[in-house]
């Protein structure tokens, strides 16, 4: 006698459980990378004029990782002595018109795009609406190459009291252990991903 999965609830349940376990194992086997991100604002008046501003609602992504403030494991901010981009941060601080909005590093698993978990980034000053100057997400996945997918929003308070937002959402293919620069006229992002 031959069984068809739709004829046996037990076999259907067993098959579903096996597929779920295989999916979890595949996700668990994703290699873990150290990710460091430095985001800085360009406050040059010429850059302010170049930018197309928008009145945008910053989206919220369910299931995004929130960075913890210590401890071990993935998605925990690493201590300052583990940061590689500190020299770049200090160089920017010495140049007039640049200001750091966010600088941190953490470990995270990096799998394919379907299993990629965005990381929520916030930094800079608090705006009158309770949002931060920098808000948004960065996703990292890999197939043949690493891909960084930013979805970042930089908000400024204009002279009329309005909040205006600029975005950075262009994906970039990357190599591990190299510093990569993503930019918008108003804010830039340095990313370093290490194995």
- Within the stretch 40-53, of all residues that are at pLDDT 75 or above and not in a loop (DSSP other than H, G, I, E, B), the one farthest from residue 190 (Cα to Cα) is 42
- Task: Check the stretch 89-107 and report whether any residue there is in the same structural domain as residue 162 (by TED's automatic domain parsing), under 18 Å from the mean Cα position of the chain (by Cα) and not in a strand (DSSP E or B).
- Result: no
- Query: How about the stretch 103-138: which of its residues are closer than 30 Å to residue 93 by Cα, surrounded by fewer than 19 Cβ atoms within 10 Å (Cβ to Cβ), touching a strand residue (DSSP E or B) at 6+ places or on another chain (Cβ under 8 Å) and free of Cβ contacts under 8 Å to residues at least 40 places away in the same chain?
  - Reply: 122, 125, 126, 127, 128, 129
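Hey, can you tell me all the residues within the stretch 173-183 that are surrounded by fewer than 16 Cβ atoms within 10 Å (Cβ to Cβ) and within 23 Å of residue 56 (Cα to Cα)? Give the derivation first.
Pass one, the stretch 173-183, residues surrounded by fewer than 16 Cβ atoms within 10 Å (Cβ to Cβ): 173, 175-181, 183.
Once the filter is applied, which keeps residues that are surrounded by fewer than 16 Cβ atoms within 10 Å (Cβ to Cβ) and within 23 Å of residue 56 (Cα to Cα), the stretch 173-183 yields only 183.
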- Note on the structure: Within the stretch 121-178, restricting to residues that are touching a helix residue (DSSP H, G or I) at 6+ places or on another chain (Cβ under 9 Å) and more than 17 Å from residue 32 (Cα to Cα), the one that is modelled with the lowest pLDDT is 156
- Task: Test residue 60 against the stated conditions and say whether it is at pLDDT 90 or above, within 20 Å of the chain's Cα centre (by Cα) and assigned by TED's automatic domain parsing to the domain that holds residue 140.
- Result: yes
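Considering only residues that are part of a loop (DSSP other than H, G, I, E, B) and either free of Cβ contacts under 8 Å to residues at least 24 places away in the same chain or within 27 Å of residue 84 (Cβ to Cβ) (or both), which ones fall in the stretch 162-186?
To start, the set of residues in the stretch 162-186 that are part of a loop (DSSP other than H, G, I, E, B) comprises 162, 169-171, 175-178, 184-186.
Across the stretch 162-186, the qualifying residues are 169, 170, 171, 175, 176, 177, 178, 184, 185, 186.
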- Task: Looking at (1) modelled with pLDDT under 90; (2) surrounded by fewer than 15 Cβ atoms within 10 Å (Cβ to Cβ); (3) in contact with a strand residue (DSSP E or B) (Cβ under 6 Å, 6 or more places away or on another chain); (4) more than 30 Å from residue 157 (Cβ to Cβ), find the lone condition where residue 30 falls short.
- Result: (2)
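The values are calculated or read from the model by the stated rules, or taken from the named source; none is laboratory data. Since the structure is predicted, the reported quantities are computational estimates derived from the model, not experimental observations. As a convention, Cβ positions derive from the backbone with ideal geometry for all residues, glycine included, and neighbour counts pool all protein chains shown.
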